[in-house]
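A.B. asks: Here it is, the structure, as structure tokens.
The values are calculated or read from the model by the stated rules, or taken from the named source; none is laboratory data. Remember, predicted model here, so these are calculated numbers, not experimental data. Using ideal geometry, Cβ is built from the backbone for each residue, glycine included, and neighbour counts are taken over all protein chains shown. Just so you know, the surface numbers come from the protein's heavy atoms only, side chains and all, with ligands and any DNA or RNA stripped out. Shrake-Rupley method; radii C 1.70, N 1.55, O 1.52, S 1.80 Å.
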Amino acid sequence: MKELKSEEDAFGQEMWACYRGERTSEIVERDDGYVEASPYGPKMYFLEYEDWPVFERKAVESAKGRVLDIGCGAGRHSLHLQKKGLNVLGIDSSPLAIKICGLIGIKKARVMSIEEVDFKPDSFDTIIMMGNNFGLLGSFEKARKLLKRFHKITSKNGLIIASTRDTYKTEIPDHLEYHRLNRKRGRMSGQLRIRVRFRKYVGRWFDYLIVSKKEMQEILKGTGWKIKEFIDSDNSEYIAIIEKS
Ligand SMILES: C[S@@+](CC[C@H](N)C(=O)[O-])C[C@H]1O[C@@H](n2cnc3c(N)ncnc32)[C@H](O)[C@@H]1O
């Protein structure tokens, strides 16, 4: 993936504005024209550990050793784990997100997209994908390809800690219609094609995959990974602790 041009870094710009204390919101546009604006979006990426939801705190406690934080955003998980003494590398496709990581004291943060993740064998003990970032795996096929790569770069007892939301836990007619549209065009129901907008900045379109627990288990088959534990929230979000099979 080519590095984002400044005008495409909508994610980074919303985080940068939030970091500077400006009023922010997160606008996500889906390819069926559905638009959602969340005033919490960017603020969530700066939450202190004490303010994270309980299920997220519980999940992140499983992280050990050398950690790769994929789509680290403004670095809240990287910073927490670094403070605990873990050796963390945060990566994000947004140059501005990585700039913020540096400013808040993260020692190792790099502009890199998930598609570029390729390290020497046994480079990490834990990969974390928080804030629904299981979604960055994009599609059924792409997820399987990347998971096999993650298998190579992690240690024998490596773990993936990944959060997502159950696609089917919704009754919103527009979402149910979108699931049907996706299935008709040969995509998984929750393979969202979205882009982020902030002020005059417009991000690139990308596929963000949200899955049920059953679908996640299907994706993992034959990749060398299996579910160790699901950690539920009080809504459709959940976190999977994934171990080597
Ligand atoms: C929903 S935010 C989550 C941020 C952080 N993990 C958290 O929970 O606070 C998603 C992040 O993924 C990054 N991102 C989007 N596409 C990416 C890609 N292809 N590779 C790496 N990072 C990506 C965005 O720039 C953004 O910072």
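A.B. asks: Of the residues Gly222, Gly190, Gly203, which single one is small (Gly, Ala, Ser) and over 21 Å from the mean Cα position of the chain (by Cα)?
C.D. replies: On the way: Gly190 fails: over 21 Å from the mean Cα position of the chain (by Cα); Gly203 fails: over 21 Å from the mean Cα position of the chain (by Cα).
From the options Gly222, Gly190, Gly203, the qualifying one is Gly222.
A.B. asks: Turning to a different aspect of this structure: What number of residues within the stretch 25-43 satisfy the criterion of being surrounded by 19 or more Cβ atoms within 10 Å (Cβ to Cβ) and in a helix (DSSP H, G or I)?
C.D. replies: 2
A.B. asks: Please determine whether any residue of the stretch 110-119 is open to solvent by less than 30 Å² (accessible area, probe 1.4 Å) and closer than 20 Å to Lys43 by Cβ.
C.D. replies: Taking the stretch 110-119 as the starting set, the residues that turn out to be open to solvent by less than 30 Å² (accessible area, probe 1.4 Å) are 112-114, 117.
From what is left, the residues that are closer than 20 Å to Lys43 by Cβ are none.
No - not one qualifying residue is present in the stretch 110-119.
A.B. asks: Looking only at the stretch 74-93, count how many residues are in contact with a strand residue (DSSP E or B) (Cβ under 6 Å, 6 or more places away or on another chain) and within 13 Å of the ligand (Cβ to nearest atom). Walk me through how you get there before you give the answer.
C.D. replies: The initial filter retains those residues of the stretch 74-93 that are in contact with a strand residue (DSSP E or B) (Cβ under 6 Å, 6 or more places away or on another chain), namely 75, 77-78, 81-82, 86-91.
With within 13 Å of the ligand (Cβ to nearest atom) added as a condition, the list becomes 75, 77-78, 81, 88-91.
Of the residues in the stretch 74-93, 8 are in contact with a strand residue (DSSP E or B) (Cβ under 6 Å, 6 or more places away or on another chain) and within 13 Å of the ligand (Cβ to nearest atom).
A.B. asks: Among the residues of the stretch 181-190, count how many are open to solvent by 30 Å² or more (accessible area, probe 1.4 Å) and in contact (Cβ under 8 Å) with a residue 12 or more places away in the chain.
C.D. replies: We begin by selecting, within the stretch 181-190, every residue open to solvent by 30 Å² or more (accessible area, probe 1.4 Å); these are 181, 183-188.
When the remaining residues are screened for being in contact (Cβ under 8 Å) with a residue 12 or more places away in the chain, the result is 181, 187-188.
Matching residues across the stretch 181-190 total 3.
A.B. asks: Name the residue, out of Leu68, Leu96, Leu103, that is at pLDDT 95 or above, within 12 Å of the ligand (Cβ to nearest atom) and over 19 Å from Gly203 (Cβ atoms). Even if it seems obvious, please write down each step before you answer.
C.D. replies: Details: Leu96 fails: over 19 Å from Gly203 (Cβ atoms); Leu103 fails: within 12 Å of the ligand (Cβ to nearest atom).
So the residue among Leu68, Leu96, Leu103 that is at pLDDT 95 or above, within 12 Å of the ligand (Cβ to nearest atom) and over 19 Å from Gly203 (Cβ atoms) is Leu68.
A.B. asks: Something else now. So is Tyr178 farther than 16 Å from Gly131 by Cα and either in contact (Cβ under 8 Å) with a residue 24 or more places away in the chain or within 16 Å of the chain's Cα centre (by Cα) (or both) or not?
C.D. replies: Numbers: farther than 16 Å from Gly131 by Cα: yes; either in contact (Cβ under 8 Å) with a residue 24 or more places away in the chain or within 16 Å of the chain's Cα centre (by Cα) (or both): yes.
Spelling it out, Tyr178 is indeed farther than 16 Å from Gly131 by Cα and either in contact (Cβ under 8 Å) with a residue 24 or more places away in the chain or within 16 Å of the chain's Cα centre (by Cα) (or both).
A.B. asks: Would you mention how many residues in the stretch 217-237 are in contact with a strand residue (DSSP E or B) (Cβ under 7 Å, 6 or more places away or on another chain) and either acidic (Asp, Glu) or closer than 22 Å to Val54 by Cα (or both)? Steps first, answer last, please.
C.D. replies: Residues of the stretch 217-237 that are in contact with a strand residue (DSSP E or B) (Cβ under 7 Å, 6 or more places away or on another chain), as a first pass: 217, 220, 224-232, 236-237.
Keeping just the survivors that are either acidic (Asp, Glu) or closer than 22 Å to Val54 by Cα (or both) gives 227-232, 236-237.
Going through the stretch 217-237 one residue at a time, the tally reaches 8.
A.B. asks: Let me ask you something else. If you go through the stretch 120-135, how many residues are surrounded by fewer than 19 Cβ atoms within 10 Å (Cβ to Cβ) and more than 13 Å from the ligand (Cβ to nearest atom)?
C.D. replies: 4
A.B. asks: Specify the residue that is nearest to the ligand (Cβ to nearest atom); the eligible residues are those in the stretch 106-119 that are basic (Lys, Arg) and closer than 18 Å to Gly65 by Cβ. Outline the logic, then answer.
C.D. replies: Step one: filter the stretch 106-119 for residues basic (Lys, Arg), giving 107-108, 110.
Next, from what is left, pick out any that are closer than 18 Å to Gly65 by Cβ: 107-108.
On the way: Lys107: 18, Lys108: 15 Å.
Looking at the filtered set, the residue picked out is Lys108.
Okay, residues lined up against (1) open to solvent by 40 Å² or more (accessible area, probe 1.4 Å); (2) at pLDDT 95 or above; (3) in a strand (DSSP E or B):
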{"site": "Leu146", "(1), (2), (3)": "no, yes, no"}
{"site": "Lys156", "(1), (2), (3)": "yes, yes, yes"}
{"site": "Leu159", "(1), (2), (3)": "no, yes, yes"}
{"site": "Ile231", "(1), (2), (3)": "no, yes, yes"}
{"site": "Ala240", "(1), (2), (3)": "no, yes, yes"}
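A.B. asks: State yes or no: is Thr126 under 20 Å from Asp207 (Cα atoms) and assigned to a strand (DSSP E or B)? It would help to see each step written out before you state the result.
C.D. replies: Details: under 20 Å from Asp207 (Cα atoms): no; assigned to a strand (DSSP E or B): yes.
No.
A.B. asks: Quick check: is even one residue across the stretch 17-24 within 19 Å of the chain's Cα centre (by Cα), modelled with pLDDT of 95 or more and open to solvent by 70 Å² or more (accessible area, probe 1.4 Å)?
C.D. replies: no
A.B. asks: Consider Glu3 carefully, then state whether it is in contact with a helix residue (DSSP H, G or I) (Cβ under 9 Å, 6 or more places away or on another chain) and within 20 Å of Val202 (Cα to Cα).
C.D. replies: yes
A.B. asks: Kindly list the number of the only condition in (1) open to solvent by 10 Å² or more (accessible area, probe 1.4 Å); (2) within 27 Å of Glu3 (Cα to Cα); (3) part of a helix (DSSP H, G or I); (4) not basic (Lys, Arg) that fails for Phe46.
C.D. replies: With (1) open to solvent by 10 Å² or more (accessible area, probe 1.4 Å); (2) within 27 Å of Glu3 (Cα to Cα); (3) part of a helix (DSSP H, G or I); (4) not basic (Lys, Arg) applied to Phe46, the lone miss is (3).
A.B. asks: Can you pull out every residue in the stretch 61-109 that is open to solvent by less than 20 Å² (accessible area, probe 1.4 Å), more than 21 Å from Ala10 (Cβ to Cβ), small (Gly, Ala, Ser) and in contact (Cβ under 8 Å) with a residue 40 or more places away in the chain?
C.D. replies: Across the stretch 61-109, the qualifying residue is only Ala63.
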